[in-house]
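The values are calculated or read from the model by the stated rules, or taken from the named source; none is laboratory data. This is a predicted model, so every value here is computed, not measured. All Cβ positions, even for glycine, are placed from backbone atoms using ideal geometry, and neighbour counts span all protein chains on display. Remember, those area values only see protein heavy atoms, side chains included, never the ligands or the DNA or RNA. Shrake-Rupley method; radii C 1.70, N 1.55, O 1.52, S 1.80 Å.
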Amino acid sequence: MIHYFDSSEPFRLEQGGQLPALRIAYHTYGELSPAKDNVVWVCHALTANSDVADWWPHTVEEGRFLDPSRHFIICANILGSPYGTTSPLDVNPLTGEQWYLDFPPFTIRDMVKAHRLLADHLGIGRIHALVGSSVGGFQAVEWAVEEPERIERLALIATATKASPWSIAVDETQRMAIEADETFHQRRGDGGLKGLAAARAIGLLTYRGADGYNLTQQDKESLPEVHRACSYQQYQGEKLCRRYNAYSYYVILNAFDTHDVGRDRGGVEAALQRITAQTVVVGITTDIIFLPKEMLRLHQMIPQSRYFEIDSPFGHDGFLVEHEQLNDILNPFIND
């Protein structure tokens with residue numbers, strides 16, 4: 001069930017701007033124990049929403065690592081997203097007009113600040129397990145460094161401590177596609193949709209990689225009218241346009257590129273030494289965004305960390321597809 005938390009206080013942002021007010025959308029599953037000691041908090045990635053059961057198949061189920069019969073599971077929608085949290089298509093209460101590209105720039109640290117505000121509102125002092133995959137992992141590692149006393153267990157899946165030049169280049173290429181759509185600059189709710197579709201198609205190449213495409217998108221005939229891979233790219237672009245908007249996608253990509261857990265903390269290694277949570281780091285063998293060797297290095301820098309690897313041909317998207325392997329790793333970690 002979706003819930004909303006509204007704060008009428010100005011929400012100050014790391015880069016100097018502020019939002020006059022803030023709304024956070026969130027979903028919960030299960031019951032909060034009287035001691036409030038059974039919280040499992042999930043941080044979601046780019047275009048997901050706060051309904052974890054909707055986008056992460058076979059995870060929010062009894063007997064799985066997100067078990068609502070044992071834990072109170074919560075996921076908050078990220079800042080800038082069109083799924084209920086304050087975003088560029090909302091109205092700026094100071095001007096009476098929608099924000100669009102006037103939405104103030106924000107960072108991963110600001111996303112986590114909003115999560116912390118919600119946790120305080122709910123009276124959650126301790127989080128039994130904090131789980132983040134992909135850019136959700138950006139948020140999770142940031143939170144574990146910022147408030148180590150709050151996080152008991154930490155699961156970081158296919159993620160990083162800092163946006164790499166490679167991932168920033170991928171994001172910039174997607175932004176270039178959106179900016180090339182003239183309607184994006186016309187302050188309209190459906191602006192930039194062709195650019196968004198192209199950006200999504202670009203992103204998908206990095207999510208799946210060659211192995212994933214070659215396994216699933218082979219043509220069934222020797223000379224097809226439309227290649228299966230082409231129709232797949234078109235379909236995925238159009239599919240995102242039906243549920244998202246170009247302005248949210250654009251500003252969230254900008255926020256992702258700010259990620260650096262070591263900023264103002266003496267560097268990444270010094271920052272990670274602040275983590276006191278028992279930690280599991282999970283890499284994916286064919287991930288070309290967050291390489292397994294980078295995930296292994298992340299594990300080596302975190303005290304009380306264990307490393308696991310998912311074997312999958314589906315690249316970065318393996319964390320969504322290989323739910324059985326992921327459950328084998330995380331179920332004992334979270335529910336033991």
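When both segment 124-195 and segment 222-255 are represented by their alpha-carbon centers, they are found 18 Å apart.
Probing with 1.4 Å while keeping every protein chain in the model, the per residue accessible area of segment 164-226 equals 58 Å². On a C-alpha basis, how far is the centre of segment 284-336 from the centre of segment 40-55 in Å? Whole number, if you could? That distance is 17 Å.
The helix-only estimate of mean residue ellipticity at 222 nm for the chain, built from DSSP H runs of length n ≥ 4 each weighted as -39500 (n - 2.57), is -11500 deg cm²/dmol after division by the residue total.
Straight-distance candidates among the aspartates and glutamates for linking to Lys36, with alpha-carbon spacing under 14 Å and chain neighbours fewer than 8 residues away dropped: Asp120, Glu152. Cross-link partners of Lys162 among lysines, defined as those whose alpha carbon lies under 20 angstrom from its own and excluding same-chain residues fewer than eight positions apart: Lys113, Lys293. In percent, rounded to a whole number, the relative contact order of the chain is 18, using alpha-carbon pairs under 8 Å and six or more apart. Considering every alpha-carbon pair of segment 260-336, the percent of pairs per 5 Å bin, from zero through the bin containing the longest distance, is 3, 16, 21, 21, 19, 13, 6, 1.
The residue among Gly267, Ile124, Ala169 whose Cα reaches farthest toward the positive pole of the charge dipole of the chain, with charges on the beta-carbon of Lys, Arg, Asp and Glu, is Gly267. Solvent-accessible surface of segment 246-308, taken per residue with a 1.4 Å probe and all protein chains present: 39 Å². With kT/(6 pi eta Rh) evaluated at 10 °C and eta = 1.306 mPa s, and Rh the Kirkwood radius from Cα pairs, segment 1-135 diffuses with a coefficient of 102 µm²/s according to Stokes-Einstein. Here the accessible area is traced with a 1.4 Å probe on the protein chains. For segment 1-49, carbon and sulfur cover 50 percent of it.
Remark: the chain projects, on average over all directions, an area of 17.3 nm² (convex hull of Cα atoms). Ordered from longest to shortest, the equivalent ellipsoid semi-axes for segment 207-336 are 34, 21, 13 Å, each the square root of 5 times a Cα gyration tensor eigenvalue. Computed over segment 93-153, the P(r) curve from all C-alpha pair distances, binned at 5 Å from the origin, holds 4, 16, 23, 21, 13, 9, 9, 5, 1 percent per bin. With an a/c value of 1.5 or above and a/b not larger than b/c for the gyration tensor axes a ≥ b ≥ c computed over the alpha-carbon atoms, segment 21-64 is described as oblate. Taken about its Cα centre, the chain carries a charge dipole of roughly 340 debye when the Cβ of each Lys and Arg holds +1 and the Cβ of each Asp and Glu holds -1. Summary value for segment 167-286: 26 percent relative contact order, contacts being C-alpha pairs under 8 angstrom separated by 6+ residues. Surface composition of segment 201-336: carbon and sulfur make up 51 percent of the accessible area, probe 1.4 Å.
Taken about its Cα centre, segment 1-54 carries a charge dipole of about 140 debye when Lys and Arg each add +1 at the Cβ and Asp and Glu each add -1 at the Cβ.
Highest GNM mean-square fluctuation among Arg70, Arg243, Arg153, for the chain modelled with Cα contacts below 10 Å: Arg243. Once C-alpha pairs closer than 8 Å and six or more residues apart are averaged by separation and normalised to the residue number of segment 192-240, the relative contact order reads 57 percent.
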